[in-house]
Amino acid sequence: MTAISPIRPVRYWDGIPVPFITAWSKEEIPVQELVKVHRSSGTTVLGLRGETDLERQFGVSWMRMPATRGGRPQHGRVHAPRQRQAMSRLLCQLCGGPTVGTRKDEWTLFLAASADGHPLLSGERTESPPVHAACARLAVEHCPPLRTRGWTAALARRTPVWGVAGHVYDPLTLRRLPGAPQHRDGMHRIPFTDSRRIRWTLAARLVITLGDVVPVTDLDALADEETAVIRAVR
Ligand SMILES: [Zn+2]
């Protein structure tokens, strides 16, 4: 019996790999139909009109977006549902295949752009899902921001969910509040413990904490280890 490789074929556009979590031009964000939902517990929360179970996860409503991967890739724009799927199931952000079971130990690889060589540290929060070592190697070779600005990689043994990044709305008017200036996409990062603000957040990214982090500099060695593990399983 031959098992399917956890590393999936990566999509390319103009010779550049397109990450699984990248949004495409036909995946435009529609107008979000926001409503106030009165709970039996007596609290009122933000919701989407006609919300399905899939659209409310981790106790939060999630931004609606079509998932067609049609048109042209929009590098730098993240597809909210695919980011959540990748982060919650530890799928590779480049190819979309599972990263769990691709190492002998229980560590998971993370890769981030880093202009100043700042390493990923234990306790750091990230919106960037994990990556296979082979896919990380591909990304640092071909993805312009990583090639030009530099990158940092680390293995993390613990990856607990921390909260979400999203847009926060005024509970009275349902107007979107200004984003945090330090967030690249003008969102707020809200921990699940912030019950007051998370109730009025429309989530667009799942955020995790990296725990027990070990920096990685040699992606080639890690990719070779990964190949050996995948071969042994198959
Ligand atoms: Zn991958």
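Quick notes on this one:
- Condition check for Ala134: outside any loop (DSSP other than H, G, I, E, B) and out of contact with any helix residue (DSSP H, G or I) (no Cβ under 7 Å at 6 or more places or on another chain): no
- Search result, residues across the range 80-95 that are more than 16 Å from the ligand (Cβ to nearest atom) and without any contact (Cβ under 8 Å) to a residue 60 or more places away in the chain: Pro81
- Counting only residues that are at pLDDT below 95 and closer than 22 Å to Gly101 by Cβ, the range 179-217 holds 1 of them.
- Residue in the range 184-195 that is within 24 Å of Arg82 (Cβ to Cβ), in contact with a helix residue (DSSP H, G or I) (Cβ under 6 Å, 6 or more places away or on another chain) and either aliphatic (A, V, I, L, M) or not in a strand (DSSP E or B) (or both) present: yes
- Of the residues making up the range 80-94, not one is part of a loop (DSSP other than H, G, I, E, B), out of contact with any Leu (no Cβ under 9 Å at 6 or more places or on another chain) and closer than 19 Å to Pro66 by Cα.
- The residues of the range 60-79 that are assigned to a loop (DSSP other than H, G, I, E, B) and under 11 Å from Leu202 (Cα atoms), listed by number, are Met63, Arg64.
- Subset tally (residues that are within 16 Å of the ligand (Cβ to nearest atom) and in a loop (DSSP other than H, G, I, E, B)) for the range 4-55: 10
- A search for C-beta distances below 6 Å between a residue of the range 55-71 that is closer than 13 Å to Gln83 by Cα and any residue that is assigned to a loop (DSSP other than H, G, I, E, B) and of a type in the set (A, V, I, L, M, F, W, C), counting only pairs 6+ apart in sequence or on different chains, returns Met65/Ile29.
- Taking each residue of the range 156-181 that is polar (S, T, N, Q) and surrounded by 13 or more Cβ atoms within 10 Å (Cβ to Cβ) and looking for partners that are in a loop (DSSP other than H, G, I, E, B) and at pLDDT 95 or above with beta-carbon atoms closer than 8 Å, six or more apart or interchain, yields Thr159/Leu90; Thr159/Pro130; Thr159/Leu210.
The values are calculated or read from the model by the stated rules, or taken from the named source; none is laboratory data. Keep in mind it's a predicted model, so treat the numbers as computed, not measured. Please note: Cβ atoms are built from the backbone with ideal geometry, for glycine as well, and neighbour counts cover all protein chains shown.
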